[in-house]
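The values are calculated or read from the model by the stated rules, or taken from the named source; none is laboratory data. Quick caveat, the model's predicted, so the values are computed rather than measured. Using ideal geometry, Cβ is built from the backbone for each residue, glycine included, and neighbour counts are taken over all protein chains shown. Note: accessible area is taken over every heavy atom of the protein model, side chains too, but ligands, DNA and RNA are not part of it. Shrake-Rupley method; radii C 1.70, N 1.55, O 1.52, S 1.80 Å.
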Amino acid sequence: MSQKFVLGYFDDEETLMHAIEKINATGTKIYEVYSPFPIHGIDDLLGYKRTRLSVAAFIFGCIGFSLALFMQTFMLGLDKWRINIGGKPYLAWPDFVPVTFEGTVLITALGMVFTFMWVNEFFPGAVEKQPHPRVTEDLFVVAIKSEDAEGSDVQSIMSSNGALEVKEEEVLL
Amino acid sequence: MYESPYRRPLITGDDTTYKKISDDIIIPVEAKPTQWWYMGFAISLAFLALYVWAIGYLLWNGVGSWGLNKTVDWGWDITNFVWWVGIGHAGTLISAVLLLFRQKWRTAVNRSAEAMTIFAVVCAGVYPLLHAGRPWVIYWALPLPNTYGNLWANFNSPLLWDVFAISTYLTVSVVFWYVGLLPDLASVRDRAEGMKKKIYGILSFGWNGSAKAWSRFEVISLILAGLATPLVLSVHTIVSMDFATSVIPGWHTTIFPPYFVAGAVFSGFAMVLTLLIVARKAMNLENYITLNHIDVMCKIIMVTGSIVGSAYITEFFIAWYSAVEYERYAFVNRMFGEYWWSYWAMMTCNVITPQLFWSQKLRRNITAVFIISIFVNIGMWFERFVIIVTSLHRDYLPSSWAMYSPTWVEISMYMGSMGLFFTLFFLFAKYVPVIAVAEVKSIMKTSAEKYMKITMEKEKAEESAQHSHESHHA
Amino acid sequence: MGAHAYHKPAAEMFQVSSRLKRTINVLLGVGILSIIISLILAYTGGSHEEAGHGGHHAVNFDKTRFWADILLSNWYFLGLTLGGSVFMALAYLTNAGWSIGIRRIPEAFSTYLPYAAAGFILIFVGAAEIYHWAHEGVTDPTSANYDAIIAEKSAYLNLPFMIGRFLAFFAGWFLMTRTIRMHSLAEDAEGGFFRHKRNKTMAGIFTTFFGVTWAMSSWDFMMSLDPHWFSTIYWVNQFAGMWVAAISTIMLFSILLKRAGYIQFVNTSHYHDLGKLMFAFSIFWTYTWLSQFLLYYYANIPEEAVYYFERWAGFKFLFWLNLILHFLFPLLMFMTRDAKRTESMIIPVATIILAAHFLDLYLCIMPGTVGQAEAGIYSWKFILEVGIFAFFAGLWLMVVTKSLSKINLIPTGSPYLKESVLHNT
């Protein structure tokens, strides 16, 4: 669903950050900012909470660890078809360290990547929800929902604070 | 984050802009390949054909067509396996470890180094697969329920650990690399038209450059880096344990894990340098992969080379110190036995040549760096050959002593694996931006020559203003 | 975003507070008392008959324990001292900017080196008490003490050579670290890049020299305690242990100095970086530990596995505790980003790592010298062992804080100081 947005185009991250500070001062809610590369400190300006992806990583790690350890314990020690290897102990714990470690890493990494794709709604063939194709090149865009921008002077704030262009447009974001 | 303008620039040129970075790096993807590309690709394909032929011959005739015998039952196959896996270590080191250490020079080389990692691991994986003798039942190595009353895989075996380590490493490297590619694939998509736009559109998963996506992107990069760092250590550690858990003198030594890892990084960086020195020239990327990048990588080669050297000396000394007759013999035999030439080739290439990098002049001399990087690659191949063949060929029983030399099948497979590697690399260089465009942009303000000059002027002006201010007061 | 106002920090002088002085005096007092009691026990008590090791000879375990404790403390604080030096050398070599503001701390560590030397000379006095290879007649085939394996190694393991090596190592460490510190201090007045470049070169030379000499010192002082046993990774493991302890100490110094009102620019980003190093290298220590353990466990060659048998049979609890404190505890506590940035989390983790390092060295030293039956940790005598350690801790703190109080606490002349002050990740 396309919606009407006020879009401010910038060509430099420092002017962009400065303009965002000015917009924040008016209390207008910014919908999203688009940039060709990650900008240090922009999360705080936009009031984004730190993502909880690392919590997910910890959980995936625990799952991977348990699965890998259980698999080895079961197959070599608990299963009734366990193998007697030269009379050595069935459960030789130090030997399980490498595979347990690899299992933990594998499950965590895959789990994380799928979570990342999931929360961003990224998948092969997904339509890019971006205001302008040049945001992956050299354009920085501030997007404010038209309804939020109403009654405030964000448009003039942006133009007087270094925006190349400010316009209202219907886009899919 | 503030960075001193007195550091060496990582992007040279006086006209750097965000747009120019995109253009410089992405145009090779958009333009028709050059003649050089076609020529290189054709040669690679020829070697690839040799590879296919040699493998076909091997499968038809069996492992007996290799030069292995009952005493030396690991030869060029495992040597090449370890060599390739080792080369596949620099990529993850650059993209993961250096990310955690906030090394900005990483941005220019991580993409290609990691691609190289993946291709090298693919080349490596083929060897144990074929060495197993019957590759069509390789799934027996996996812990699958089966018709023999669930005869499970043996998790006490380092060879099985290796199966897990290598496959995990390959998987994680691929996803790490691909996640990092998303913004750049989107960049190619947004510049392209028609069919190309569609394909890159599918490949870029809908990347849109929003602040939220970037924020998550940065976190997941750090998490994957945090996972990949111990992973990259574990992989060569486990490869080393294929040897070190045994009781064979020359193999069974506790320094093997870290020493193999250092050796892997050493050879990996050498291969990265070999490739990038050519690629930066061929693709006009000298402004992004600068002499400063090469300088730093040479230093890493020097450090890891010294670690490897100190491990050689430690092994050698402890073999004497152990007072175990077999240990002592194994190391004397390496130096002065039948395979003395491989030992001295290894020592010369791995211990002596990297020490040349103490000289800054040499580190910044492209030709010298290129030659030394090739020496290191050769040296690291010989290291594995020394470890494997010289340790095996003198068995405990003198009646079992034997010699080993490769047949044409092994030699062709080795040369052919390079064909596979370079074919993949040429395809990569053609279809994917070889430098992480977005990451290079993110360091432009702090590390591009142009902007560093501006900062320097500003700081000088501030300083003199402060100075005159102070003297006024006085 | 470049918008931070930069105020160049002015020079600061550190003053040893009366509280710190008191702490040091208490440590020294307790230490001296423990040493006196240990000496009385050692040199007045009777001796036990020891069977085994081929011959019968009288062993006074109180004596052995005393010297083993002296070795432990000396090795511990030599590790912290050299660890600091390696830290400052690596900072130069890697062009690190963030750590410049706290560089005076590891620089001060290096001034303990002469005291460390004195401590090791003391060890040579008692060498025969702890080093089996230094016993009378071990290399003499006609002697009852003859040990064929040690005789094979005697070209390396003999006191004159060892003392000679030690003096050479020490002279090198002393001269190089002194030069680095001298240049660093001179830079305060001069500024510019000249001293910085000089130090970079010196750091390269020092690091190389350190690598070789640390390996050999580990063999000499630690591995040769079990003279039949050998392991190629041993010195790497010793390095990992001392390095993580040294970083923890630098961390504690930074926090305490900041709390005392100095180096105010130090912020959570500096803690985060040091914390990441602590986290990573405690894992690295475990990695080297496991490499040695797993390979010897797996191959199960009696000559090698005996090392772990001794530690497993008599010190099982400590064996596990070591792993928990040295590995599991930092791993779990320091996993999140916030933990590495919070002083109230860092202080316990750093302290535990320092304690775990003691325990680690205890497990390296005691089984091969006094053995399980006589190890102090199973009796009241452990108080004496901790007391002896306290003496060296007090001495170390005294020397380091004193030299810290004599110089400008902030390297105001460093060309990259601004990066450290504005450090923000």
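Descriptive notes on the structure:
- Amide N of region C:96-131 lying under 18 Å from the label point, which is placed 7 angstrom from the Cα of C:Leu167 along Cα→Cβ: C:114-127
- The calculated Kirkwood hydrodynamic radius for the protein assembly as shown is 31.5 Å, given to one decimal from all distinct C-alpha pairs.
- Net length gained if the chain between C:Ala373 and C:Tyr146 were fully extended (0.36 nm per residue, minus Cα distance): 79.2 nm
- Using a Förster distance of 60 Å, the FRET efficiency for B:Glu463-C:Leu331 (Cβ separation, nearest 0.05): 0.85
- Rounded to the nearest 20, the size of the Cβ-charge dipole of chain B about its Cα centre is 980 debye, with Lys and Arg at +1 and Asp and Glu at -1.
- Modelled label reach - A:Glu121, point 7 Å along Cα→Cβ, region A:136-173 residues with backbone N closer than 13 Å: A:172-173
- C-alpha center-to-center spacing [region B:30-71, region B:77-122] in angstrom: 23
- Shielding of peptide A:76-86 by partners, expressed as the average count of other chain Cβ atoms within 10 Å per residue Cβ, is 3.
- In loop segments of region C:329-425 as defined by DSSP, the trypsin sites (Lys or Arg not before Pro) with at most 15 further C-beta atoms inside 10 Å of their C-beta are C:Lys406.
- Whole-Hz Karplus values for region B:164-177 come out as 5, 5, 5, 6, 5, 4, 4, 4, 5, 4, 5, 5, 4, 4 Hz, taken residue by residue from phi with 6.51 cos²θ - 1.76 cosθ + 1.60 and θ = phi - 60°; glycine and proline positions read x.
- In region B:18-455, taking the dipole from charged Cβ atoms about the Cα centre, the farthest positive-side position among B:Val351, B:Thr117, B:Leu233 is held by B:Thr117.
- Efficiency of FRET between A:Ser66 and B:Ser157 - r from beta-carbon atoms, R0 22 angstrom, step 0.05: 0.50
- Cross-link pairs beyond the 29 Å C-alpha cut-off, checked among B:Lys445/C:Lys197; A:Lys29/B:Lys450; A:Lys129/B:Lys19; A:Lys167/B:Lys460; A:Lys49/B:Lys445; B:Lys20/B:Lys197: A:Lys29/B:Lys450; A:Lys167/B:Lys460
- Angle between chain C longest axis and helix C:113-125 axis [Cα atoms, degrees, rounded to 10]: 0
- Solvent-accessible ranking of B:Leu93, B:Leu144, C:Leu409, largest area first, probe 1.4 Å: B:Leu144, B:Leu93, C:Leu409
- Of the chymotrypsin sites (Phe, Trp or Tyr not before Pro) in region B:113-159, those whose Cβ has at most 11 other Cβ within 10 Å and which sit in DSSP loop: B:Tyr148
- By a 1.4 Å probe calculation restricted to protein chains, C:Arg65 has an accessible surface near 10 Å², given to the nearest 10.
- Degrees between helix C:234-259 axis and first principal axis of chain C (Cα, 0 to 90, nearest 10): 40
- Options C:Ala355, B:Thr71, C:Phe170, ranked by Cα towards positive dipole end of the protein assembly as shown, top entry (Cβ charges): C:Phe170
- Between 0 and 90°, nearest 10: helix B:35-61 axis offset from chain B longest Cα axis: 20
- Put simply, the amide H of B:Trp401, placed in the peptide plane, has neighbours under 5 Å in B:Asp395, leaving out anything fewer than 5 places away on its chain.
- Chain B: calculated mean residue ellipticity at 222 nm from DSSP helix runs of at least 4, using -39500 (n - 2.57): -23000 deg cm²/dmol
- Accessible surface comparison of A:Tyr31, C:Tyr43, probe 1.4 Å, protein chains only, largest first: the order is C:Tyr43, A:Tyr31.
- Förster radius 22 Å - calculated FRET efficiency between B:Ser167 and B:Tyr57, Cβ distance, rounded to 0.05: 0.25
- A:Leu164 long-range amide H proximity, modeled H, under 5 Å: A:Tyr9, A:Phe10, A:Asp11
- Number of partner chain Cβ atoms within 10 Å, mean per residue of B:3-9: 4
- Heavy-atom accessible surface of chain C: percent carbon and sulfur, 1.4 Å: 68
- Close amide H partners of A:Lys145, meaning residues 5 or more places away or on another chain with modelled amide H under 5 Å apart, are A:Val6, A:Tyr31.
- Note that region B:18-455, at 4 °C in a medium of 1.567 mPa s, gets a Stokes-Einstein diffusion coefficient of 56 µm²/s from its Kirkwood radius over C-alpha pairs.
- Only Lys, Arg, Asp and Glu carry charge here, each on its Cβ (+1 for the first two, -1 for the last two); on that basis chain C has a dipole of about 2060 debye about its Cα centre.
- Ligands, DNA and RNA are left out, and with a 1.4 angstrom probe the accessible area of chain A is 50 Å² per residue.
- Set of lysines near C:Lys63 by C-alpha distance (under 30 Å), chain-local residues within fewer than 8 positions excluded: C:Lys153, C:Lys316, C:Lys381
- Taking the Cα centre of the protein assembly as shown as origin and assigning +1 to Lys and Arg Cβ atoms and -1 to Asp and Glu Cβ atoms, the resulting dipole is close to 980 debye.
- Solvent-accessible heavy-atom area per residue, rounded to whole Å², over chain B at 1.4 Å: 39
- Backbone N atoms of region B:392-427 closer than 13 Å to the 7 Å Cα→Cβ label point of B:Val332 are not found in any residue.
- Taking region B:18-455 and dividing mean pair separation by its residue count, relative contact order in percent (alpha carbons under 8 Å, at least six apart): 32
- Over 18 Å apart at the Cα level, from the set B:Lys281/B:Lys361; A:Lys4/A:Lys145; C:Lys21/C:Lys402, are B:Lys281/B:Lys361.
- For region A:81-87, Karplus couplings with θ = phi - 60° (6.51, -1.76, 1.60), whole Hz, Gly/Pro x: 9, 4, 9, 8, 9, x, x
- Rounded to whole Hz, the Karplus (6.51, -1.76, 1.60) HN-Hα couplings of region B:238-243, x for glycine and proline: 6, 4, 5, 6, 3, 8
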